[in-house]
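To start, the structure under review is shown below, and the notes come after it.
The values are calculated or read from the model by the stated rules, or taken from the named source; none is laboratory data. None of these values were measured; they are calculated from a predicted model. Cβ placement follows ideal geometry from the backbone for every residue including glycine, while neighbour counts extend to all protein chains displayed. The area values use the complete protein model at the heavy-atom level, side chains included, leaving out ligands, DNA and RNA. Shrake-Rupley method; radii C 1.70, N 1.55, O 1.52, S 1.80 Å.
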Amino acid sequence: DYSRKTLTTNIDFNTGKRTLSLDSSAQDKSLFSTAFFRGTTQYKIAPKFFLLAGIDISNNRSSGARILGAPTINEYALFLAPEWKVTPGFKLSPGLRFIKNSVYDAPPVIPSLNGKITVNKRLDLRFGYARGFRSPALRELYFNFHDASHSINGNQNLKAEYSNSFTGFAVYQFIERNHFRINATLGSFYNIFHDLIDTGVDPQNKSQTTYLNVHLFKTQGLTLENKIFYRNLQATLGASYIGRYNQFSDDE
């Protein structure tokens, strides 16, 4: 539950008299509320097969002088995530998510797949794929915020964003002794977003900022993380190399 109250007054420095400002949106109370529920349950169908199932329900409401109308967005989701131990060293975790959004057309089903291969006691290989969906937040659609430092307008014409994400990791245990461990994780990722929601200059007014959809946006890169554990001490040293591309880039 979030609220922002704005109270603006004018001061006459000759008399010291303070009066309420009559400017538009000078007095305002903007309200944003979210109610969220999640329930999950897990079944052991067979010694090597588990099923995780659950439901998500969210209700988002907003009101105020800076909010256009009194919008509401509801979303309902049912998800299934089985885990299958194919062999002692190979585990698969596919997933399905069914979504109903009260405003936006969500995909009928959103899939995902995660896997883990245990090569030996020191080396694990992990991979994953996920389809993504995100509807615009109420503040991105309807909230107009203007003060001495900001001029941000909501955009009611925003589309929902979709994505496909691929990841791969190799986890290697270099040293494992009584109180001392060192492991390294080498990872890679590739993400493709369609209609990514971001901020940009309003084409109708260069002094205003608004939210917009970037038709095509990509990220890819490599990450390396090294962890050292000694008794109650943990240290991490890592690096990442990331590339980004969007439809406005001069160079692909």
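Here are the criteria: (1) on the phi > 0 side of the Ramachandran plot; (2) at pLDDT 95 or above. Tell me which single one GLY64 does not satisfy.
Condition not satisfied by GLY64: (2).
Which of the residues that make up the range 197-224 are farther than 19 Å from SER151 by Cα and among the aromatic types (Phe, Trp, Tyr)?
PHE217
For the range 185-199, name all the residues that are more than 13 Å from ASN246 (Cα to Cα) and either open to solvent by less than 70 Å² (accessible area, probe 1.4 Å) or not in a strand (DSSP E or B) (or both).
THR185, GLY187, SER188, PHE189
Here are some residues: VAL103, VAL109, VAL86, VAL119. Which one is under 30 Å from ASN205 (Cβ atoms) and β-branched (Val, Ile, Thr)?
The match here is VAL103.
When the residues of the range 87-117 are filtered to those that are in contact with a strand residue (DSSP E or B) (Cβ under 6 Å, 6 or more places away or on another chain) and of a type in the set (Val, Ile, Thr), which remaining residue is farthest from PHE32 (Cα to Cα)?
Among those that are in contact with a strand residue (DSSP E or B) (Cβ under 6 Å, 6 or more places away or on another chain) and of a type in the set (Val, Ile, Thr), it is ILE117.
Could you tell me which numbered condition ARG181 fails, if it satisfies all but one of (1) closer than 28 Å to ASP195 by Cα; (2) open to solvent by 40 Å² or more (accessible area, probe 1.4 Å); (3) not in a loop (DSSP other than H, G, I, E, B)?
(1)
Name the one entry in ILE228, ILE175 that is over 22 Å from the mean Cα position of the chain (by Cα) and either surrounded by 15 or more Cβ atoms within 10 Å (Cβ to Cβ) or on the phi > 0 side of the Ramachandran plot (or both).
ILE228
A quick yes/no check of all residues on (1) small (Gly, Ala, Ser); (2) within 22 Å of ASP195 (Cα to Cα):
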{"position": "ASN59", "(1), (2)": "no, no"}
{"position": "LEU78", "(1), (2)": "no, no"}
{"position": "ALA81", "(1), (2)": "yes, no"}
{"position": "TRP84", "(1), (2)": "no, no"}
{"position": "PRO94", "(1), (2)": "no, no"}
{"position": "ARG97", "(1), (2)": "no, yes"}
{"position": "PRO111", "(1), (2)": "no, yes"}
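Restricting to the range 55-85, count the residues that are over 17 Å from ALA106 (Cβ atoms) and touching a residue at least 24 places away in the same chain (Cβ under 8 Å).
Selection size over the range 55-85: 15.
Sort through ASP105, ASP124 and tell me the only one that's under 24 Å from GLY187 (Cα atoms), of a type in the set (Asp, Glu) and in contact (Cβ under 8 Å) with a residue 12 or more places away in the chain.
ASP124
Looking at ALA81, ALA65, ALA77, which one is hydrophobic (A, V, I, L, M, F, W, C) and under 17 Å from LEU31 (Cα atoms)?
Result of the check over ALA81, ALA65, ALA77: ALA65.
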